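Below: the structure, in structure tokens.
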Amino acid sequence: MRSVFLSLSIDPSFVTSKKIHALLNYWSARRQGTDWPMRDSIIPWEITPYLPNIVISEINHKSHQVYYRLVGTKVVEMSRFDFTGRWLHEMSPASEEPGVWEQAYAMMIETASPVYGQTGIPIADGSEILVREEFGMFPLQVPKKDVFQCIALEDYGPLMHFNPDDLRAMRPAKR
């Protein structure tokens, strides 16, 4: 039996990643008395060490459709696909659980708060071995009223002696 795990929480203690907690602290410092910081308060050079692990997405308030605006180089490497400029519903994620990202975005929309998660990425199709991934998703305000954005960080932990080419690749969904 394959060891599959998916867990989501709004409690930051749910994840152990120092990178995710650092981004949470950065995000919290930019709130300035609001529930969510403005997107333009996120300054890339202030979070340089985390940029390879960052995903910036835009979510439509009514349809809840998710559009990927920016995908960091480490996320592309681990996904084996650059999904910048793509819609979530068009993708077939590399993670083991179908719908992991839809569930995480739905929780963020429902709770209007950051979401933390743990999932696994199989090493190649059909593999029993999973690379553990932790993630944090942090909502952002934008001037447009019909959408909001999210800055997320994916952390794969220490990947010593590991070749990302061995991972199952993310790909466009088959229609």
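The values are calculated or read from the model by the stated rules, or taken from the named source; none is laboratory data. Quantities reported herein were computed from a predicted structural model and do not represent experimental measurements. When we count neighbours, we look across all protein chains shown, and the Cβ atoms used for this are built from the backbone with ideal geometry, even at glycine.
Key figures
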item: Evaluation of M108 against (1) crowded, with 21+ Cβ neighbours inside 10 Å; (2) at pLDDT below 90; (3) in a helix (DSSP H, G or I) (one fails), failing number; result: (2)
item: The range 14-40 - residue that is in contact (Cβ under 8 Å) with a residue 12 or more places away in the chain, polar (S, T, N, Q) and surrounded by fewer than 18 Cβ atoms within 10 Å (Cβ to Cβ) and, of those, nearest to Q118 (Cα to Cα); result: T16
item: Selection count where residues are in contact with a Leu (Cβ under 7 Å, 6 or more places away or on another chain) and of a type in the set (A, V, I, L, M, F, W, C), scope the range 19-37; result: 3
